[in-house]
Amino acid sequence: MIKSIAKLKTKKQIANFVWEFTFEMFEPKILDFVSGQYISIIVDPKTRRQYSIASSPLSSEREFILCFDAKPNGLGVNHLLKLNIKDEISFIGPIGNFVLPSKPASNLFFIATGTGIAPLRSMIETLIINKSDLKHNIHLHFGTRNINDLFYTDLFDRYLHDGSIKYYKKYLSRESLPETTSGYVTQFIAGLSSEIISDSQYFICGGTEMVKSAKQMLLDKNVSSENIFHEEFY
Ligand SMILES: Cc1cc2nc3c(=O)[nH]c(=O)nc-3n(C[C@H](O)[C@H](O)[C@H](O)COP(=O)(O)OP(=O)(O)OC[C@H]3O[C@@H](n4cnc5c(N)ncnc54)[C@H](O)[C@@H]3O)c2cc1C
C-alpha cells in the first residue's frame with residue numbers, strides 16, 4: 001500500500017454546505033490519475049474516506065481539486081474541515097474504474113446530484129482540453145435540492161456559452177425558480193429519442209437512490225448497460 005502526501009493550498013466554500021479544496025502534491029510530486037478516479041484519505045489508522053478528484057489531470061498533475069459536502073459531518077468531513085493551508089493529508093490512490101471509455105459515443109450525458117458532480121467535472125474538463133474530443137456532444141444534467149446548494153454554475157455556463165458543452169440543465173428538487181427546472185435530475189431521460197440513444201453513453205454520480213433510479217430509467221429506454229457508467233457516493 002503506497003501512501004501519498006499532499007498539502008492544502010486553497011480552501012473555499014462554494015455552496016451552502018459544499019467546500020472546494022485545492023491540494024498540492026508533496027510526496028510524490030505528481031498525482032498520476034485518470035479523470036473520474038478518487039483518492040482514499042487516511043483519516044486515522046482505522047478510518048479512510050473516498051473523495052473523487054474534481055480537476056482534470058490535463059490541467060495539472062501537481063495539483064488537484066476535491067469538493068465535498070459538509071452535511072454528513074462525520075470523521076471524513078471533520079478531518080478535512082479542520083485542515084489549515086499547508087496542512088498535509090495522507091491518502092491511497094488514485095483508485096477507480098469510473099472513467100471515460102476509450103471510444104466515447106457522439107452524445108455523452110453527465111448526470112449528477114450534489115458533489116457527485118466532482119468526477120464528472122474532471123471528465124468534462126478533460127474532454128474540453130483534449131480539443132479533438134470536442135466532436136462529442138456533452139450534455140450535463142446537474143441537480144441539487146435548493147438554489148443555495150448549487151455550485152460550479154459560472155464554470156458550466158461559460159462552457160455552454162463558448163460551445164464547449166452542448167447542453168446544461170440545472171434541477172432543483174425542492175424549489176421552483178427561473179432558469180432552473182424543478183424536480184429530479186432524471187426527468188429528462190423519459191424524453192430521450194431512440195436516435196440519440198443509439199449513439200450515447202451515460203455517466204451518473206451521486207447518492208445510491210438517484211444512481212439506481214437513473215440507471216433503471218435508462219435500461220427501460222433500452223439503453224445497453226455497457227453504455228451506462230456510474231459511481232455511488234453513499
Ligand atoms: C468512490 C467514492 C467517492 C466519493 N467522492 C466524494 C466526493 O467527491 N465528495 C463528497 O462530498 N463525498 C464523496 N464521497 C463520500 C465520502 O467518501 C464520505 O462518505 C462522506 O464525506 C461522509 O463521510 P463522513 O466520515 O464525514 O461521514 P460518515 O460518518 O461516514 O457518514 C455519515 C452518513 O452520511 C451519509 N453520506 C455520505 N455522503 C453523503 C452526502 N454527500 N450526502 C448525504 N449523505 C451522505 C453516509 O452514507 C452516512 O449515512 C465519495 C464516496 C465514494 C464511495
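Brief remarks on what is shown
- Flag if Phe151 is outside any helix (DSSP H, G or I), touching a helix residue (DSSP H, G or I) at 6+ places or on another chain (Cβ under 6 Å) and either within 16 Å of the ligand (Cβ to nearest atom) or not aliphatic (A, V, I, L, M) (or both): no
- Test: Gly143 is outside the structural domain of Gln13 (by TED's automatic domain parsing), near the ligand (Cβ under 10 Å from one of its atoms) and touching a helix residue (DSSP H, G or I) at 6+ places or on another chain (Cβ under 9 Å): no
- Within the stretch 99-114, the presence of at least one residue that is under 14 Å from the mean Cα position of the chain (by Cα) and surrounded by fewer than 21 Cβ atoms within 10 Å (Cβ to Cβ) is confirmed.
- Only one entry of Val34, Val18, Val99, Val43 meets the criterion of being free of Cβ contacts under 8 Å to residues at least 40 places away in the same chain and either in the same structural domain as Ser200 (by TED's automatic domain parsing) or of a type in the set (A, V, I, L, M) (or both), and that entry is Val43.
- Evaluation of Phe156 against the conditions (1) surrounded by fewer than 19 Cβ atoms within 10 Å (Cβ to Cβ); (2) under 23 Å from Gln187 (Cβ atoms) shows that the sole unmet condition is (1).
- Selection of the stretch 59-91 for residues being within 16 Å of the ligand (Cβ to nearest atom), farther than 30 Å from Ser182 by Cα and either within 16 Å of the chain's Cα centre (by Cα) or assigned by TED's automatic domain parsing to the domain that holds Tyr202 (or both) yields only Phe64.
- Selected residue [in contact with a Phe, Trp or Tyr (Cβ under 6 Å, 6 or more places away or on another chain), in contact (Cβ under 8 Å) with a residue 40 or more places away in the chain, in the same structural domain as Ser213 (by TED's automatic domain parsing) and farther than 26 Å from Thr208 by Cβ] from Ile165, Ile129: Ile165
- Matching residues in the stretch 1-16 - criterion: being within 24 Å of Thr144 (Cα to Cα) and part of a strand (DSSP E or B): Lys11, Lys12, Gln13
- Glu61 passes every criterion in (1) in contact with a Phe, Trp or Tyr (Cβ under 9 Å, 6 or more places away or on another chain); (2) surrounded by fewer than 20 Cβ atoms within 10 Å (Cβ to Cβ); (3) at pLDDT 95 or above apart from (3).
- Residue check for Ser52: within 8 Å of the ligand (Cβ to nearest atom) and within 16 Å of the chain's Cα centre (by Cα): yes
- Filtered residue count, the stretch 185-200, keeping only those that are of a type in the set (Gly, Ala, Ser) and surrounded by 16 or more Cβ atoms within 10 Å (Cβ to Cβ): 1
- Residue in the stretch 206-228 that is of a type in the set (Val, Ile, Thr) and within 15 Å of the ligand (Cβ to nearest atom) present: yes
- Note on the stretch 101-131: residues that are outside any helix (DSSP H, G or I) and more than 16 Å from the ligand (Cβ to nearest atom) total 10.
- Conditions (1) surrounded by 19 or more Cβ atoms within 10 Å (Cβ to Cβ); (2) within 9 Å of the ligand (Cβ to nearest atom); (3) within 16 Å of the chain's Cα centre (by Cα); number of the one not met by Ser35: (2)
- Of all residues making up the stretch 173-205, the number that are free of Cβ contacts under 8 Å to residues at least 40 places away in the same chain and either more than 16 Å from the ligand (Cβ to nearest atom) or among the aliphatic types (A, V, I, L, M) (or both): 19
The values are calculated or read from the model by the stated rules, or taken from the named source; none is laboratory data. The model shown is predicted, which means the values in this text are computed figures rather than measured ones. Virtual Cβ from ideal backbone geometry, glycine too; neighbours counted across all protein chains shown.
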